[in-house]
Each structure stands twice: as C-alpha cells, then as structure tokens.
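Novice: One structure is given below, represented as structure tokens, and several questions about it will come after.
The values are calculated or read from the model by the stated rules, or taken from the named source; none is laboratory data. Predicted model only: the values in this text are computed from it and were never measured. Glycine gets a Cβ as well: all are built from the backbone with ideal geometry, and neighbour counts include every protein chain shown.
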Amino acid sequence: MSIISKKFNAKITSLKNEFEVNQDIEHQGVKGGFNEIELASLIKDVIPQRYQITKGIIENSEGKQSHETDILIYDNEILPLYMKNDLTFVPVEAVKYNFEVKSTLSATEIKSTIKKFREFRGIGGYAPTVLFGFSSDMTGSELSRLKKYDPDFFINPSVSVLCTSNKSYYFKSVTTHYLKDYLKVSDFLASTKASGGMDLKDAAEAMRALMKNDDALSMMSRSQFALAIQSLIKMNDHISSVDDKSLVINGQNLSEITFKIHKWVGVEACNNEVELGFLSGISNTLSQGNFGQYLLSSATHESKVYAICYEDMWGNLSCQDFNENGLHYDCDSVSYSFQTTQESSKIIFDIPAAADG
C-alpha cells in the first residue's frame, strides 16, 4: 500500500467515525450539514487547486435555477460565482460535479434526488451528478433500486454516480466508437450480398470462368477479348483495395458513422475500497494525471459491469442488459449487423451466447 493510499484510508476511517458521532445529533439539518462538511473536506484533498468546493444554487444565463445543492465542485476559471447574503450562485457552465449527500439512502431520498438532478439537466447542466449515502435503509442492490426509479437509467440517468459508504460505488460511463473500426467496406459489401445485393467477388469469379471458357472466347472479337482482360484486371485491383476506399451509405460516409456504449460500472465492498474508488473517480475526472491509481494501490475488489446498452448515431438502442450481480461476459465483444434502407439506417447489436439467462 502506498503512503498516499494509507493516508486516505485513515482519512476515510475518520470520516466514518465522525458520521457515527453525528448520528447523535437530533436536528436533521445540522446533522446533514456536518456530514457534508466532512465529505467536502475529503474530496478537496483529491482534486486540483483550480477547482473549488461550495454549496449553493446553480443558475443559467436565463435566470433559471436549481434547488440548493449540498456540494458543488466548480471551475472558477470558466465563470466566477456570485455571492449574496452568504448564498452562493454558481453559473451552470462552471459546475464540474453536483452532489447530493444523504445520511441514510432510502427510496424517498432517491426519488427526490432524481427530481433535483433532472432540474439541473433541464437548465443546461452536463456535469456528473453524485448521490452519496453514509448509510442505507436496505441490504440489497442500490443500483437495482436506482434503476427502478429512473426511467433513463441506461442512457441518460439523472444520477450518474451512486456511492453508499461501506457498501457500493457505481458510475455511469459512455464511450463513442467509429463503426469503421469494427466493420470494413468489404464486410458491408458482403452483407449486401446476403440481402440480395451485388458482390464484386462473385462478378470477378464469373469473369475468370468466362476467360477459361474456350467456346465463349472463340466467339469474341479481338477488341472484346482485350476489354474482358482489362475488366478482370480492374476488378481484381478494386477488390484488393476496396477497404481503402470511401463508402457512402444513404448520404452518410461509413468512416463517419459512430455508436455509443453505455455502461454502469462499479465495485461492491464493505470496507474503504468503496470510498477510495469514489474519490479516485472524481480525481481522475478532474486531473490531467492519474492520481486515483495511488488511492487504489491496495485494492483487492475488481470492478464489474452491471449494465450495458448500445446506441447507434440515429438513437436506436439495442443490447440492453442488467444484472445486479454483474454481467458475466465481455460487453465489448457483442456481435452486430448494419441495416440500411432508402429511408433510414440502423446498427443492431446482439448479446453473446454467454450472456446471463
């Protein structure tokens, strides 16, 4: 374990001890305030100095506002915040993380947080939204409960990071990929053959068979024979270089077609690895380096993929899957097919045979 990891392990343990002490505070607002302060202090230690932490109201240029937020990480180099009567107003463009902190996670708290974060998205907020709970009122999967209440769970969830102390840490990830890196021009042409289209290889084979047919050759003039030879040479050259050529499908260049892979990834553990993973994710998102790796130098629990969904560039969804125990197959190795008509195009992804039943 690195010195940095040891130090933060101690800080996390201290945070948990403070939470236990705060449990004796009867006033819920005061109790929550203490918990937020302790967590904010820990987060501050893992982010670059250019980012600041506060609590307050998020506002856009049209004057639309969010509810008061427990913890905000903002970039003061983008747009400055505004203070009035000790109340902080942060421009939505400057927000880099938006947190709600709960002493105890419950269905009611989850639903109210989803509503708050939906308002944040509605005024132009795009930063990660975090729901952090010091404890929970249930023993089952927190991610399953979030999925139950958020209809946009797979693609655009209101809560994009969910952490419950001593229990679990999950985060939503999305990566964009180019179809050309998975589907070559020759593959597409082969697929059109399967659907009744033309195949150049078959045409070349037919031309080669013609050149071996003595009866057919004897009926050709010298100019026809020369034209047939030239055509066969051009076909062979075209086939050998087809993957280097540009292919336009319904006005869309194959090299520009993209798709997204949406995942929920996380770790479940009843020790400090949950908080270390949580802090690591924040640090790596905001830092140019990879400071989070120092925090996880002694981690023994491997992260899992709990949910998957593929989305093509036209908004078509496929391959949606969720398992609260983790998906037991390689989510990046699904099969796919490209479908196109004169009216529309669609990429269909298929869950592999090894998927959970």
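Novice: Condition first: surrounded by 16 or more Cβ atoms within 10 Å (Cβ to Cβ), within 30 Å of Ser5 (Cβ to Cβ), under 19 Å from the mean Cα position of the chain (by Cα) and outside the structural domain of Val101 (by TED's automatic domain parsing). Can you find one or more residues in region 332-355 that meet it?
Specialist: no
Novice: Quick check on region 133-147. Is at least one of its residues among the β-branched types (Val, Ile, Thr), under 29 Å from Glu18 (Cα atoms) and either touching a His at 6+ places or on another chain (Cβ under 6 Å) or assigned to a loop (DSSP other than H, G, I, E, B) (or both)? Step through it out loud before you land on a result.
Specialist: We begin by selecting, within region 133-147, every residue among the β-branched types (Val, Ile, Thr); these are 139.
Pick out the ones that are also under 29 Å from Glu18 (Cα atoms) and you get 139.
Right, trim to either touching a His at 6+ places or on another chain (Cβ under 6 Å) or assigned to a loop (DSSP other than H, G, I, E, B) (or both) and you get 139.
Yes - at least one qualifying residue is present in region 133-147.
Novice: Could I ask something else about it? Only one of Phe171, Phe120, Phe134, Phe154 is closer than 30 Å to Gln339 by Cβ and of a type outside the set (D, E, K, R); which?
Specialist: Details: Phe171 fails: closer than 30 Å to Gln339 by Cβ; Phe120 fails: closer than 30 Å to Gln339 by Cβ; Phe134 fails: closer than 30 Å to Gln339 by Cβ.
Phe154 is the lone residue from the list that is closer than 30 Å to Gln339 by Cβ and of a type outside the set (D, E, K, R).
Novice: Could you identify the single residue in Ser66, Ser112, Ser106, Ser61 that is touching a helix residue (DSSP H, G or I) at 6+ places or on another chain (Cβ under 7 Å) and among the polar types (S, T, N, Q)? Walk me through it before giving the result.
Specialist: Working: Ser112 fails: touching a helix residue (DSSP H, G or I) at 6+ places or on another chain (Cβ under 7 Å); Ser106 fails: touching a helix residue (DSSP H, G or I) at 6+ places or on another chain (Cβ under 7 Å); Ser61 fails: touching a helix residue (DSSP H, G or I) at 6+ places or on another chain (Cβ under 7 Å).
Sole residue among the options that is touching a helix residue (DSSP H, G or I) at 6+ places or on another chain (Cβ under 7 Å) and among the polar types (S, T, N, Q): Ser66.
Novice: Test of understanding: among Ile43, Ile47, Ile58, Ile12, which residue is under 25 Å from the mean Cα position of the chain (by Cα), assigned to a helix (DSSP H, G or I) and modelled with pLDDT of 90 or more? Quick ask: steps written out before the conclusion?
Specialist: On the way: Ile47 fails: assigned to a helix (DSSP H, G or I); Ile58 fails: assigned to a helix (DSSP H, G or I); Ile12 fails: under 25 Å from the mean Cα position of the chain (by Cα).
Checking each option against the conditions leaves just Ile43.
Novice: Take region 301-357 and flag every residue that is under 22 Å from Leu162 (Cβ atoms), among the charged types (D, E, K, R) and modelled with pLDDT of 90 or more.
Specialist: Lys304, Glu311, Asp321, Glu324
Novice: Just a yes or no: is a residue in region 96-115 among the aliphatic types (A, V, I, L, M), without any contact (Cβ under 8 Å) to a residue 24 or more places away in the chain, outside any strand (DSSP E or B) and touching a strand residue (DSSP E or B) at 6+ places or on another chain (Cβ under 8 Å)?
Specialist: Looking through region 96-115, none of the residues is among the aliphatic types (A, V, I, L, M), without any contact (Cβ under 8 Å) to a residue 24 or more places away in the chain, outside any strand (DSSP E or B) and touching a strand residue (DSSP E or B) at 6+ places or on another chain (Cβ under 8 Å).
Novice: State yes or no: is Phe132 under 27 Å from Leu327 (Cβ atoms), touching a residue at least 40 places away in the same chain (Cβ under 8 Å) and of a type outside the set (Asp, Glu)?
Specialist: Working: under 27 Å from Leu327 (Cβ atoms): yes; touching a residue at least 40 places away in the same chain (Cβ under 8 Å): yes; of a type outside the set (Asp, Glu): yes.
So Phe132 fits the description; yes.
Novice: With the requirement that a residue be part of a loop (DSSP other than H, G, I, E, B), farther than 11 Å from Trp264 by Cβ and within 11 Å of the chain's Cα centre (by Cα), what does region 156-184 give you?
Specialist: Step one: of region 156-184, the residues part of a loop (DSSP other than H, G, I, E, B) are 156-160, 165-167, 182-184.
Add one more test, that the residue is farther than 11 Å from Trp264 by Cβ, and what stays is 156, 158, 165-167, 182-184.
Hit for region 156-184 is Asn156, nothing else.
Novice: So how many residues does region 292-348 have that are part of a strand (DSSP E or B) and in contact with a helix residue (DSSP H, G or I) (Cβ under 8 Å, 6 or more places away or on another chain)? Spell out the reasoning first.
Specialist: In the first step, residues of region 292-348 are kept if they are part of a strand (DSSP E or B); the result is 304-312, 317-322, 335-340, 345-348.
Cutting the leftovers down to in contact with a helix residue (DSSP H, G or I) (Cβ under 8 Å, 6 or more places away or on another chain) gives us 306-307, 322, 337-338, 347.
So the answer is 6.
Novice: Going by the structure shown, is Val130 closer than 23 Å to Ile37 by Cα, at pLDDT 95 or above and assigned to a loop (DSSP other than H, G, I, E, B)?
Specialist: On the way: closer than 23 Å to Ile37 by Cα: yes; at pLDDT 95 or above: yes; assigned to a loop (DSSP other than H, G, I, E, B): no.
Spelling it out, it is not the case that Val130 is closer than 23 Å to Ile37 by Cα, at pLDDT 95 or above and assigned to a loop (DSSP other than H, G, I, E, B).
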